[in-house]
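Everything on this sheet refers to the single structure shown next.
The values are calculated or read from the model by the stated rules, or taken from the named source; none is laboratory data. Computed from a prediction, not measured in an experiment: that's the story for all the values here. Neighbour counts run over all protein chains shown; Cβ positions are idealised from the backbone, glycine included.
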Amino acid sequence: MLSESDFWDGYFGLGTGEEKKISLLLFQGMLLASCKFVAPETISMLGYDGIQNAKDSFYRKAKLLYDLGAETSPVAKAQAALLLTFNTTGPEFHESTWLAKAIDNARVAKADALSKAYEASRTTVDGDESLRRLWWCCFIRDRFIALASKQKPSIGPAEFIAQQYVEAGSSLLCAEINRTRVYSHGTRERLVRVVDDTVRLCVAMTDTLTLAFTSLSPQSSEAACEEQYLKAGQALSKWFAESRSTLPAVSSSGAFAKEEDPVVLYTNVMLVNYFWTRIVLCQCQLDYITTSQQKNEDRIQIAWKRDMEKEMRSSATAIAACLARLNRLESPRSRH
């Protein structure tokens, strides 16, 4: 969501102009979102009783700053609101509310207009980078939260996104590979690829989420409904076929061979969402067969149901493998 190089310039006072300053609201949101990656010992040294206590403290501070209108920039407000969607425990769990605030502020900043403008002209304008990153992140969180909460996506298909726009954005991320203070050059390069794959996955998820969490028109013919399911499945299959060549190699133990923990983490999060979406699509198709006007259990329909059930089992097994890889990570979060 943020340019790492610009962040460090602002943090160390190397930047010039208001745009290089770090928003206090945004910084509180960053502290909240980072808690799950910090060792409990570090949290204790900072004076907190535990990770949840630290998250609650940062959340209250960020929410107060937001509610008081301490930040006027719609970009910073949208960025902070996106980070506050990660406050998934505690007495205040309002990820959908914060996502709506993030999307609203992003639209005020006209971040949503960039993909349409790019599709029309195939060019970018200086200063668009932060808005493009913001809209990407709104889009990703919208799709993942919709999947988790079983609700219709807030960002419609028409608002995102030309394939060439995704590719142009990847080049922006590649431009800062050599300026990272956190990851090695190789790790950062692979993380850029994961981000690119994740954005394309969210595009591919759109048809499935729309079908699963909105009612089909009563006027839709069975042929039209089946065509929609076929299109949704093809989009997911195409994404997986195109992304498999870029996924890390899997060792005999089932772990990703020779990959840094961040690559393992974000790759598996991406894959969990992919296989989960496949399960949702299969369940949606099974429900459709059950309620179809054609009640006859012909051979084609029975075979289709068996295929769906087989794919659901296969996807569930794949999710279990992803979770096992995540459990093997020796990260601070796994010790909490």
Just checking, which of 324, 249, 257 is modelled with pLDDT of 75 or more, of a type in the set (Gly, Ala, Ser) and not assigned by TED's automatic domain parsing to the domain that holds residue 51? 324
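Restricting to segment 106-131, name every residue that is assigned to a helix (DSSP H, G or I) and modelled with pLDDT under 85.
We begin by selecting, within segment 106-131, every residue assigned to a helix (DSSP H, G or I); these are 106-108, 113-121, 129-131.
Across segment 106-131, the qualifying residues are 113, 114, 115, 116, 117, 118, 119, 120, 121, 129, 130.
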Is it the case that segment 54-63 has a residue that's under 22 Å from residue 261 (Cβ atoms) and of a type outside the set (Val, Ile, Thr)? yes
Taking the condition of being within 18 Å of the chain's Cα centre (by Cα), within 19 Å of residue 70 (Cβ to Cβ) and at pLDDT below 90, how many residues in segment 3-38 meet it? 0
Is there a residue being modelled with pLDDT under 90, in a helix (DSSP H, G or I) and more than 22 Å from the chain's Cα centre (by Cα) anywhere in segment 199-220? no
Please name all residue pairs, on different chains or six or more residues apart, with Cβ atoms under 8 Å, provided the first residue is in segment 61-80 and is in a loop (DSSP other than H, G, I, E, B) and the second residue is surrounded by 22 or more Cβ atoms within 10 Å (Cβ to Cβ) and not β-branched (Val, Ile, Thr). 70/25; 71/25; 71/26; 71/77; 71/80
